[in-house]
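The values are calculated or read from the model by the stated rules, or taken from the named source; none is laboratory data. What you see is a predicted model; the values in this text were computed from it and never measured. Here the Cβ is made from the backbone with ideal geometry for all residues, glycine too, and neighbour counts use every protein chain on show.
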Amino acid sequence: MGALEEVRDLAAAVTDRRSLRLWDVQVAGQPGRAVVRVYVDKEGGVDLDTMAEVSEEISRGLDLRDPIPGKYALEVSSPGLERTLSVPEHFKACTGRRVVVKTKEKLVPEGHRLEGVIVHATDSSTSVDVDGEIVQIPYASIKKARTVFVWS
């Protein structure tokens, strides 16, 4: 098991115990100067005290398991209001929310960029309402996707 998988397993165990959603885990940088980013979420948002507690618990677990060689920095935060969508669970969790999707190939005459509301998500694709037209987008065709915060 690689470092990313070990960190993901540890973070999943911590977030499950606290009834939080593990949004994403990233390990970046070179050995000895890595950055471990863990994004957690829950309905209604995550407060700073909860993130500090999660950070402390993950840090202790990483110290015990030692999956990252050398020094590293651990960052625990919320995925934010405008969050990156990269796996089917993200799209499912954001059904009903406004998104911007950039695709690898043109799926609409206007080009590679679609903006609309996620109306449905499965394990293989998502459906987005773009100005009244439902566009089905296979995940394999998505280059980049994120939610869009709408000021009311």
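Kindly provide the set of residues from the stretch 1-58 that are modelled with pLDDT under 90 and within 21 Å of C94 (Cα to Cα), ordered by number. Of everything in the stretch 1-58, those that are modelled with pLDDT under 90 and within 21 Å of C94 (Cα to Cα) turn out to be E43, G44, G45.
Taking the residues in the stretch 103-120 that are within 12 Å of I134 (Cα to Cα) and crowded, with 19+ Cβ neighbours inside 10 Å as candidates, determine which candidate is farthest from the chain's Cα centre (by Cα).
Taking the candidates together, the pick is L107.
Taken residue by residue, the stretch 45-68 has no member that is farther than 24 Å from T122 by Cβ, touching a Gly at 6+ places or on another chain (Cβ under 7 Å) and surrounded by 15 or more Cβ atoms within 10 Å (Cβ to Cβ).
Residues in the stretch 39-54 that are under 17 Å from the mean Cα position of the chain (by Cα), charged (D, E, K, R) and part of a helix (DSSP H, G or I): 0 in all.
Out of all the residues in the stretch 56-86, which are aliphatic (A, V, I, L, M) and in contact with a helix residue (DSSP H, G or I) (Cβ under 8 Å, 6 or more places away or on another chain)?
Taking the stretch 56-86 first, the residues aliphatic (A, V, I, L, M) are 58, 62, 64, 68, 73-74, 76, 81, 85.
Those that are aliphatic (A, V, I, L, M) and in contact with a helix residue (DSSP H, G or I) (Cβ under 8 Å, 6 or more places away or on another chain): I58, L62, I68, L74, V76, L85.
Okay, residues lined up against (1) surrounded by 13 or more Cβ atoms within 10 Å (Cβ to Cβ); (2) assigned by TED's automatic domain parsing to the domain that holds T126; (3) assigned to a helix (DSSP H, G or I):
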site: L10; (1), (2), (3): yes, no, yes
site: R37; (1), (2), (3): yes, no, no
site: K92; (1), (2), (3): yes, yes, yes
site: V101; (1), (2), (3): yes, yes, no
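If you scan the stretch 55-81, which residues turn out to be under 18 Å from the mean Cα position of the chain (by Cα), assigned to a helix (DSSP H, G or I) and either touching a residue at least 40 places away in the same chain (Cβ under 8 Å) or not assigned by TED's automatic domain parsing to the domain that holds A11 (or both)? Walk me through it before giving the result.
First, pick out the residues of the stretch 55-81 that are under 18 Å from the mean Cα position of the chain (by Cα): 55, 58, 74-81.
Next cut, assigned to a helix (DSSP H, G or I) only: 55, 58.
Passing the criteria: only I58.
I'd like the full set of residues that are touching a Leu at 6+ places or on another chain (Cβ under 8 Å) and not in a strand (DSSP E or B), limited to the stretch 103-141.
Within the stretch 103-141, L107, S141 qualify.
In this entry, T84 passes the filter for residues that are closer than 30 Å to I142 by Cα, touching a residue at least 12 places away in the same chain (Cβ under 8 Å) and not aromatic (F, W, Y). In the stretch 129-149, the residues that are surrounded by 17 or more Cβ atoms within 10 Å (Cβ to Cβ) form Cβ pairs under 7 Å with partners that are outside any strand (DSSP E or B) and not hydrophobic (A, V, I, L, M, F, W, C), at six or more places apart or across chains, as follows: Y139/P88; Y139/S124; R146/E82; R146/R83; T147/E82; T147/R83; T147/R97.
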